[in-house]
Amino acid sequence: MTRIFALLLFLMAGTCKASAQCCCSDILVHISLKDLAYVHSEREFEVQALDEHHGSYLSDRDRTDGRLMVRMDVGCGVMERRFTITRSTTGERMELNVLIVGFDGGHPALRVPFLPGRHEVDFTRLRESARALLPKDLLPSDTATSRTVHCGACAVRVDRDSTGVTLEPLNLSEGGCGPGRVRMSGAGLAYCPDGQGAFQANVQASLDRKLGLHARGSVLYHGIASINDSGRFYGRIHHEQTDRVYAMEIALMDGPLWVPARVVDADAPGGEREVSSMVRFTLVAGRVE
């Protein structure tokens, strides 16, 4: 618990001014069914979480407005939430992966269409691109408004009404609203300027200094990370949280600065501004035998 708390303090310093306490926030996800033919009932669809240890997912299927409502639990820190929506009458299946930095506070809602296949949303980048981070940014309005903003490699529609703010990624099927990678993988997405080789070497050198271990063999690790608007890296490795894995996550913070995601902003110097965003990474680290 102490390690998690320490990591969270590092993370919050680069993303928001939230309190590092127990997080009980969630994101309301609207799955639109309006473009589908022959939908007789929302009960044709089943929602299932893919991460049993990553919070609860509650769906409301007793509606007649052509959408599913999924309340997605988000805690604090770097995380990925994954769930599937399956249409029982056709067997069509959609997997939605939402990458986010969770914090103890309000979040805008997310709206996506039911689209068979695997899709990813970098919710942190969308949220910051839309300037929908602070409580004042999420206030409801008696007058419904809609605008479209660019968020690096994609665009997002920002709707505000009496229920609050909802973000709808417009390039979901093309993958443009997903996370970046170590190498430059899309206009405006975060990336490591020295590439995978330098990224790998820097982390390994930091591990050698911190742990003083001579490793034989190797283990392939995968993870996700938040890159804040200054280029600092806060990673989370998808692996059992051993001492070595924790040391690797700390070593990642000591690595080289990344190029943060850039979004179009007419009010910013040069017409662009840098925002926090999410990336996926792969790392080969020595295994002690």
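The values are calculated or read from the model by the stated rules, or taken from the named source; none is laboratory data. Keep in mind the model is a prediction, meaning the values are calculated, not measured. With ideal geometry, Cβ positions are generated from the backbone for all residues, glycine too; neighbour counts draw on all protein chains shown.
Structure notes:
- Residue pairs meeting the criteria (Cβ under 9 Å; at least 6 apart or on separate chains; first closer than 16 Å to R125 by Cβ, in the stretch 262-279; second of a type outside the set (G, A, S) and loosely packed, with under 10 Cβ neighbours inside 10 Å): R273/D267
- Per the listing L133, L189, the residue uniquely in a loop (DSSP other than H, G, I, E, B) and in the same structural domain as G105 (by TED's automatic domain parsing) is L133.
- Entirely in the stretch 1-89, the strands (runs of 3 or more DSSP E) that have 3 or more residues that are modelled with pLDDT under 85: 57-60, 67-74
- R147 outside any loop (DSSP other than H, G, I, E, B) and out of contact with any Leu (no Cβ under 9 Å at 6 or more places or on another chain): yes
- Residue in the stretch 250-267 that is part of a helix (DSSP H, G or I), closer than 19 Å to P179 by Cβ and charged (D, E, K, R) present: no
- Scanning the stretch 67-126 for residues that are more than 15 Å from the chain's Cα centre (by Cα) and of a type in the set (G, A, S) yields S88, G91, G105, G106, G117.
- Residue check for G180: small (G, A, S) and surrounded by 17 or more Cβ atoms within 10 Å (Cβ to Cβ): yes
- Hits in the stretch 156-180 (condition: without any contact (Cβ under 8 Å) to a residue 60 or more places away in the chain, within 16 Å of the chain's Cα centre (by Cα) and not in a loop (DSSP other than H, G, I, E, B)): V156, L167, E168, P169
- Of the numbered criteria (1) at pLDDT below 85; (2) crowded, with 22+ Cβ neighbours inside 10 Å, the one G186 fails is (2).
- Some residue of the stretch 159-167 being modelled with pLDDT of 95 or more and among the β-branched types (V, I, T): yes
- Pairs, first within 30 Å of R232 (Cβ to Cβ) in the stretch 75-102, second of a type in the set (F, W, Y) and assigned to a loop (DSSP other than H, G, I, E, B), C-beta under 8 Å, six or more apart: C76/F103
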